[in-house]
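Every read-out reported here was derived from the displayed coordinates using simple, explicitly stated rules and does not represent laboratory data. In this text the structure is predicted, and so the values were computed from the model without any measurement. Neighbour counts run over all protein chains shown; Cβ positions are idealised from the backbone, glycine included.
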Amino acid sequence: MKHQVRLSIGIIIVLLVALCTACASSNTGSDKSATAIGASGSSETAVSDKKRIVASEKGDISIPADPQRVVGLSVVYPEFLYALGVKPVAVQNYHPEFPAYLQDALKDTLKTGLAQTPNFEAILSTQPDLIIAPVWWSDKDYDQLTGIAPTVLLPQRDNWRDELRDIGEVLGKKDLAEKVILDLQNKEAEAKIKLDSLVGNETVMYMMIMADGIVVYGENIDRGKFIHKELGLNPVKDFPQSEMSVTISLEKIPEYNPDHIILQLDDESSEKVQNRYKEMVDSSLWKNMTAVKKNQVYTMGGKEWFSLGMSPLADSNAVNDVLLAFEKKEN
């Protein structure tokens, strides 16, 4: 009888242990669901319904699965974030105001300015749940930033499309990032066809008035590539093709003598820029150029074109500007 009692108790204990083990296993399974991290290290692992693990330059980082209050610490990150459907709560900014195509959308976004050391107090005041920044700019501030909110440092990229893809990975919006890239590509292709019918083989020079000189952009730099390759506008023949851009004197401009000029002032509020511009347009050298005589000089906003060649929204806006300028000339 005692043997039977001990046997019964033993069986009960074994069953209880098995039950507890099963419960623990079940709870663990419900809390963690993993996806394989690819060879690139860019895939993500879901830790729970509310957290995800994403790759960063500091290793894998746990972030909210659906961040609501995002800070972008780069002057072009506001454009990337908004292109992906995210309104950042705080950003760094070069100009006092956003370009027109972002002003209404980001009217409630805190602008923290542009400084070597970010305004940690201002960032903290927005109560972010995620900070995204490029490693080349924010690596030195990582400890302070990660003390405010989970901070993902992203690698330096030569092409804005890769930057957009990186942010898309972080936000779980990879497909949207690819759509943004494809939509712009299609828009540029359509504009290229229209511009070919409007401009043909005539030459176009893209120049910027800076405080310290006049810069002409070639095909080997983001800005010039957008004008001459994405939109197919022919550069002047004498531009040195090995150069990304050249700084020239006023006396040099007539040597290029393009059929059309796309002109941008680096900073319209700068007295030095305005003085250099006035000196140029008042000179006989400028007035005798083909583009000037034919009224084929198209002035673009410095703030509106600040991020040209560096973000999808800036490029899309510039497509509109270029088409409008050349279509108006045709009419």
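Numbers for the structure displayed
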| read-out | value |
| --- | --- |
| Cα-based convex hull, the range 42-169, per residue volume (Å³, whole number) | 105 Å³ |
| Residues whose placed amide H lies under 5 Å from that of Lys51, excluding near-sequence neighbours | Ala65 |
| Relative contact order (percent, whole number), the range 201-260, Cα cutoff 8 Å, 6+ residue spacing | 42 percent |
| Lys328 versus Asp162: modelled label distance in nm, points set 7 Å from Cα along the beta carbon direction | 3.7 nm |
| Residue (of Ala55, Val76, Ala65) at the positive-pole extreme of the range 47-87, dipole from beta-carbon charges | Ala65 |
| Cross-link partners of Lys225 among aspartates and glutamates (Cα-Cα below 14 Å; sequence separation of 8 or more within a chain) | Asp158, Glu188, Glu243, Asp315 |
| Lys51/Asp139 FRET efficiency (R0 22 Å; Cβ-Cβ; nearest 0.05) | 0.35 |
| 18 Å Cα-Cα threshold exceeded, pairs from Lys192/Lys293; Lys252/Lys287; Lys192/Lys328; Lys58/Lys174 | Lys192/Lys293; Lys58/Lys174 |
| Within-15-Å neighbourhood charge of Glu163 [Cβ basis; K, R +1; D, E -1] | -4 |
| Reach of Lys278 by Cα under 19 Å, taken over aspartates and glutamates that are not fewer than 8 positions away in the same chain | Asp212, Glu251, Asp266, Asp267, Glu268 |
| The range 228-331: translational diffusion in µm²/s, Stokes-Einstein, Kirkwood Rh over Cα pairs, 4 °C, 1.567 mPa s | 86 µm²/s |
| Sequence ranges 105-118, 167-180, ranked by mean other-Cβ count within 10 angstrom, highest first | 167-180, 105-118 |
| Phi-based couplings in Hz for the range 62-68 (Karplus 6.51, -1.76, 1.60; Gly and Pro marked x) | 8, 10, x, 5, 9, x, 10 |
| Estimated FRET transfer efficiency (Ser197, Phe120; beta-carbon r; R0 56 Å; 0.05) | 0.60 |
| Cα→Cβ-extended label distance, 7 Å offset, between Val246 and Glu271, nm | 3.3 nm |
